[in-house]
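Trainee: Can you read through this structure? Questions will come right after.
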Amino acid sequence: MSTPTSSASPVTLARNMGLFSLVVYGVGDMVGAGIYGTIGVAAGILGNAVWISFVISMFAALLTGLSYASLGSRYPRAGGASYITQRAYGKPFLSYVVGLAVAFSGLTSMAVGANVFSQTLGASFPELPVSAIVVGFLCVLAIVNFAGIRESMMMNLVFTFVEVAGLVFIIFIGASYWGTVDYLQVPPGQAISASLLMSGAVLTFYAFIGFEDMLNVSEEVKEPEKNLPKGIILAVGIATVLYILVSITAVSVVDSQRLADPKNGVPLAQITAEAAPWVPGWVYWAITLFAVGNTALLNYVMGSRLLYGMARQGLLPSVLGKVHARTRTPHISILVLGALVLVLAFSGNIAQLASATSLLLLGCFCLVNSALVVLKRRKGEAPGRFEVPLFVPVLGVLVCGGLIVARLTAAGADQRAPLIAAVLVVVISVFYFILKPKNPVGVD
């Protein structure tokens with residue numbers, strides 16, 4: 001734990017993260033609940049064609065990831081998307097909505113994790129109340145987050161190793177099944193179409209969420225101008241390879257509709273039961289708990305640092321920008337986020353919350369990509385150490401926007417997810433007009 005600092009100097013975040021820790025942070029954030037918690041749900045919607053939706057999601061994630069890498073090399077600030085939006089457009093309201101939408105996406109992602117965790121643990125211990133599991137889960141995460149970024153990263157390192165090893169093992173034991181099914185087959189009564197695949201890609205995009213969180217811990221990264229771009233690209237690349245191979249393996253070994261039914265158990269445990277029956281069933285049950293806990297923890301770290309950064313910009317009450325003198329963590333933001341996620345955890349099911357998270361972030365990504373276009377074209381704006389061609393953020397806007405439109409217009413799609421996302425945006429807007437935050441500070 002960090003030592004106390006002198007009261008004569010302001011308390012700031014500690015730069016304890018190197019490139020390796022940053023890549024582990026990003027991979028752990030993406031690879032957790034995203035693949036372990038939603039692969040079964042996605043297979044139920046898209047059948048054997050689920051891998052295509054991961055490819056589409058990957059394309060959107062890589063484009064936006066490159067934009068984030070470029071922006072991170074220019075402005076390594078904890079405010080992340082909020083700071084960048086303000087820098088490009090100079091509109092406090094827009095910056096406020098973007099910043100809190102990213103923070104709230106972290107909350108909906110934590111709510112997904114709380115639901116997956118309670119379902120997974122509750123299946124083996126039905127005597128435990130769901131509400132008690134959710135509260136206990138969040139309390140443990142709050143304690144670790146408060147303890148310090150080093151402590152959080154140590155837990156992340158262990159959890160990430162476990163969950164990545166679990167995915168690599170699935171690929172290894174299932175490789176012999178590749179090519180045994182039709183990978184374009186969709187569920188009965190459905191026809192493969194651009195609308196179905198794009199709608200499904202919004203759900204599977206949730207599995208890539210996490211690379212944007214890396215920008216929000218930039219004030220705790222050593223040499224951020226150099227390490228942030230490298231870290232983002234490496235993390236997205238590793239996650240992409242794992243997801244495509246796991247999705248192909250999953251539907252090759254187990255029927256997609258059987259995989260989607262929670263009554264049959266954890267999806268990846270179903271795969272090992274078929275391809276490696278000698279593996280005890282509880283192993284992937286435990287790994288799923290590790291993975292979900294890891295994703296939720298990293299979203300908690302991201303959200304608290306984002307609120308801290310926005311408070312520093314004058315977009316939120318200054319109390320949220322306070323840093324604990326001993327642990328050097330934003331303790332007030334940690335408490336506030338913990339309270340808010342309890343409400344969201346009971347507002348929808350896994351698919352609805354995951355899609356709502358994706359929709360919120362896709363909207364923010366459209367603005368962040370467009371902000372990079374504005375900044376690249378602005379005279380006198382200093383370039384970063386990692387620059388991308390103009391077509392990268394332009395394509396990022398088009399792809400992310402296309403995914404949103406596809407999800408909103410998909411025939412027969414559950415509209416609870418867009419409703420949850422819309423309500424959160426309305427709530428954020430109301431907060432802005434009630435709190436009347438000051439104009440951002442520290443933006444040239």
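None of the figures in this text is laboratory data; all of them are computed from the coordinates on show. Everything numeric here is computed off the predicted structure, so don't read it as measured data. Note: ideal-geometry Cβ built from the backbone for every residue, glycine included; neighbour counts use all protein chains shown.
Trainee: Could you tell me the calculated FRET efficiency between Arg258 and Val135, based on Cβ-Cβ distance and R0 = 25 angstrom, to the nearest 0.05?
Mentor: For Arg258 and Val135, the calculated efficiency is 0.15.
Trainee: Viscosity 0.890 mPa s, temperature 25 °C: what is the translational diffusion coefficient of the stretch 308-378 from Stokes-Einstein with a Kirkwood Rh over Cα pairs, rounded to a whole number of µm²/s?
Mentor: 164 µm²/s
Trainee: Over all directions, the average projected area of the alpha-carbon convex hull for the stretch 55-178 comes to how many nm²?
Mentor: Values: hull surface 45.6 nm².
Averaging across all directions leaves 11.4 nm² for the Cα convex hull.
Trainee: What angle do you read, to the nearest 10 degrees and between 0 and 90, between the alpha-carbon axis of helix 331-344 and the longest principal axis of the chain?
Mentor: On a 0 to 90 degree scale, this one is about 40.
Trainee: Would you mind computing, in nm to one decimal, how far apart the modelled labels at Ser195 and Phe391 are, each placed 7 Å from Cα along Cα→Cβ?
Mentor: About 3.1 nm, to one decimal.
Trainee: While we're on this one: Between Ser124 and Arg150, what is the spin-label point distance in nm, taking each point 7 Å from the Cα along the Cα→C-beta axis?
Mentor: That separation, rounded to one decimal, is 3.2 nm.
Trainee: Working from Cα positions, state the angle (0 to 90°, nearest 10) between the long axis of helix 194-204 and the longest principal axis of the chain.
Mentor: Here the helix axis deviates by roughly 70 degrees.
Trainee: Quick one: compute the contact order of the stretch 60-214, relative version, from alpha carbon pairs under 8 angstrom and 6+ residues apart, as a percent. Walk me through the numbers on the way to the answer.
Mentor: Numbers: 45 pairs, mean separation 27.2, N = 155.
With pairs under 8 Å counted, the relative contact order is 18 percent.
Trainee: Taking the Cα atoms only, what angle lies between the long axis of helix 130-147 and the longest principal axis of the chain, rounded to 10 degrees?
Mentor: Between helix and principal axis, roughly 40 degrees.
Trainee: How large is Rg/Rh for the chain, to two decimals, with Cα atoms and a Kirkwood Rh?
Mentor: Ratio value, two decimals: 0.96.
Trainee: In the stretch 212-311, which chymotrypsin sites (Phe, Trp or Tyr not before Pro) are in a loop and have at most 13 other Cβ atoms within 10 Å, using DSSP for the loop call?
Mentor: Passing both the DSSP loop test and the Cβ count: Trp278.
Trainee: Roughly what would the spin-label model give for Ala382 and Val343, points 7 Å off Cα along C-beta, in nm?
Mentor: Using points 7 Å along Cα→Cβ, the separation is 4.1 nm.
Trainee: Please state the relative contact order of the stretch 19-435 as a whole percent: Cα pairs under 8 Å, 6+ residues apart? Numbers along the way, then the final one.
Mentor: Values: 720 pairs, mean separation 150.6, N = 417.
Relative CO of the stretch 19-435 lands at 36 percent.
Trainee: Have a look at Ser109, Ser70, Ser176 and tell me which one the Gaussian network model of the chain (Cα, springs below 10 Å) gives the largest fluctuation.
Mentor: Ser176
Trainee: Within the set of other residues whose C-beta is less than 11 Å from the C-beta of Glu225, count the net charge using Lys and Arg as +1 and Asp and Glu as -1.
Mentor: Every neighbour counted, the sum reads +4.
Trainee: Mind telling me which of Phe205, Phe161, Phe433 comes out most flexible in a GNM of the chain, alpha-carbon contacts under 10 Å?
Mentor: Comparing Phe205, Phe161, Phe433 in a Gaussian network model of the chain, the most mobile one is Phe433.
Trainee: Expressed in nm to one decimal, what extension gain is obtained for the pair Phe431 and Val162 from 0.36 nm per residue of sequence separation less their Cα-Cα distance?
Mentor: In short, 92.9 nm is gained.
Trainee: Same structure again: May I ask you to list the lysines whose Cα is less than 27 Å away from that of Lys222, ignoring any residue fewer than eight positions away on the same chain?
Mentor: By straight Cα distance, Lys222 reaches Lys230, Lys322, Lys376.
Trainee: Could you compute the FRET efficiency for Val181 and Glu223, with r as their C-beta to C-beta distance and R0 at 60 Å, rounded to 0.05?
Mentor: E(calc), rounded to 0.05, equals 0.80.
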